[in-house]
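Read-outs throughout are calculated quantities, based only on the coordinates presented, and are distinct from any laboratory measurement. Note that the structure is a prediction, hence the values are computed from the model and not measured. Positions of Cβ are generated from backbone atoms using ideal geometry, with glycine treated the same way; all protein chains shown enter the neighbour counts.
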Amino acid sequence: MAMMEFQRPDGTPCRGYLAEAGKGKPGIVVIQEWWGLNPHICTIADRFAAAGFNALAPDLYQGRIAKDADEASHMMDALDFPGATHQDIRGAVDHLRAISGKVGVMGFCMGGALTIGAVVHVPHVDAGVCFYGVPPKAFADPARIRIPFQGHFASRDGWITPAVVDALEADMKAAGNPPEIYRYTADHAFFNRTRPEVYDEAASALAWERTLAFLHRHLG
């Protein structure tokens, strides 16, 4: 469980936090929120390793961690989403495939949106789990998702509103791949225990239980 480097498809290195469960175990790429690759995200990778997954969280901000919401917003706005998807996240998937069995992708907020980008664009991803994040359809149309997909969303979310979630679900159903969608009476970022103003212990525990069951079902 430590920081390491893996290769992106273009041959350049990317930093990431790797928590290993063992050779041949299923793999999961954990994609950060807009704050960066902070201790909270590393802790989630550790929790996955304890549950039997090789977990790799790529450092999309190259070592930078936001100190407040304004800085996080600027850092997210400056992120090259296609580059993060096709290079950093794909490189993480490829690295895990070398040490794991099947590989999934999951993420929170910005990382949830990038999860949808990854399950649409990145080859060899076997399942995706999205927490309260949806990208613009022009970047990644949910109708193009062809693998098992689970989503966790909050009813009191002013960004990823219930209407946005309903549209995602309808698009996937219309395309013939109905998703596994869960809605919680909670706020955006309800899974983040470092933010007591929005953290919901019961919703977080239930979402984690559902996530592990889904990933074990589809990744082994």
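Table: residues versus (1) under 16 Å from the mean Cα position of the chain (by Cα); (2) on the phi > 0 side of the Ramachandran plot; (3) touching a residue at least 24 places away in the same chain (Cβ under 8 Å).
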{"residue": "108", "(1), (2), (3)": "yes, no, yes"}
{"residue": "114", "(1), (2), (3)": "yes, no, yes"}
{"residue": "117", "(1), (2), (3)": "yes, no, yes"}
{"residue": "134", "(1), (2), (3)": "yes, no, yes"}
{"residue": "140", "(1), (2), (3)": "yes, no, yes"}
{"residue": "143", "(1), (2), (3)": "no, no, yes"}
{"residue": "155", "(1), (2), (3)": "no, no, yes"}
{"residue": "158", "(1), (2), (3)": "no, no, yes"}
{"residue": "170", "(1), (2), (3)": "no, no, no"}
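Determine whether region 19-33 contains at least one residue that is farther than 24 Å from residue 207 by Cβ, free of Cβ contacts under 8 Å to residues at least 60 places away in the same chain, out of contact with any strand residue (DSSP E or B) (no Cβ under 6 Å at 6 or more places or on another chain) and not hydroxyl-bearing (Ser, Thr, Tyr).
Among the residues of region 19-33, at least one is farther than 24 Å from residue 207 by Cβ, free of Cβ contacts under 8 Å to residues at least 60 places away in the same chain, out of contact with any strand residue (DSSP E or B) (no Cβ under 6 Å at 6 or more places or on another chain) and not hydroxyl-bearing (Ser, Thr, Tyr), which makes the answer yes.
Looking only at region 44-61, filter to residues that are of a type outside the set (D, E, K, R) and assigned to a helix (DSSP H, G or I); which one of those is nearest to residue 15 (Cα to Cα)? Explain how you work it out, then say what you get.
Start the filter on region 44-61 by keeping residues that are of a type outside the set (D, E, K, R), which leaves 44-45, 48-58, 60-61.
Within this subset, residues satisfying the condition of being assigned to a helix (DSSP H, G or I) are 44-45, 48-50.
Numbers: 44: 17, 45: 14, 48: 19, 49: 18, 50: 22 Å.
So the residue we want is 45.
Determine, yes or no, whether residue 209 is crowded, with 16+ Cβ neighbours inside 10 Å and assigned to a helix (DSSP H, G or I).
Numbers: crowded, with 16+ Cβ neighbours inside 10 Å: no; assigned to a helix (DSSP H, G or I): yes.
Here the answer is no, as residue 209 does not meet what is asked.
So how many residues does region 180-202 have that are under 29 Å from residue 126 (Cβ atoms), among the hydrophobic types (A, V, I, L, M, F, W, C) and assigned to a loop (DSSP other than H, G, I, E, B)?
3
Could you figure out which of (1) touching a residue at least 40 places away in the same chain (Cβ under 8 Å); (2) under 13 Å from the mean Cα position of the chain (by Cα); (3) surrounded by fewer than 23 Cβ atoms within 10 Å (Cβ to Cβ) isn't true of residue 56?
(3)
Tally the residues that are surrounded by fewer than 23 Cβ atoms within 10 Å (Cβ to Cβ), farther than 19 Å from residue 72 by Cα and of a type outside the set (A, V, I, L, M, F, W, C), restricting the search to region 16-50.
8
Collect the residues in region 9-65 that are over 17 Å from residue 105 (Cα atoms) and hydroxyl-bearing (Ser, Thr, Tyr), keeping them in residue-number order.
12, 61
Tell me which residues, restricted to region 45-69, are touching a strand residue (DSSP E or B) at 6+ places or on another chain (Cβ under 6 Å) and within 24 Å of residue 83 (Cα to Cα).
45, 54, 55, 56, 57, 58, 59, listed by residue number.
How many residues does region 170-187 hold that are under 12 Å from residue 143 (Cβ atoms) and among the acidic types (Asp, Glu)?
Of the residues in region 170-187, 1 are under 12 Å from residue 143 (Cβ atoms) and among the acidic types (Asp, Glu).
Please work out if residue 119 is within 28 Å of residue 198 (Cα to Cα) and among the β-branched types (Val, Ile, Thr).
Yes; evaluated as a whole, the condition is true for this residue.
Please determine, by comparing only the residues of region 184-206 that are hydroxyl-bearing (Ser, Thr, Tyr) and in contact with a helix residue (DSSP H, G or I) (Cβ under 9 Å, 6 or more places away or on another chain), which one is surrounded by the most Cβ atoms within 10 Å (Cβ to Cβ).
184
Does region 2-15 hold any residues that are surrounded by fewer than 12 Cβ atoms within 10 Å (Cβ to Cβ) and hydrophobic (A, V, I, L, M, F, W, C), and which are they?
The one that is surrounded by fewer than 12 Cβ atoms within 10 Å (Cβ to Cβ) and hydrophobic (A, V, I, L, M, F, W, C): 2.
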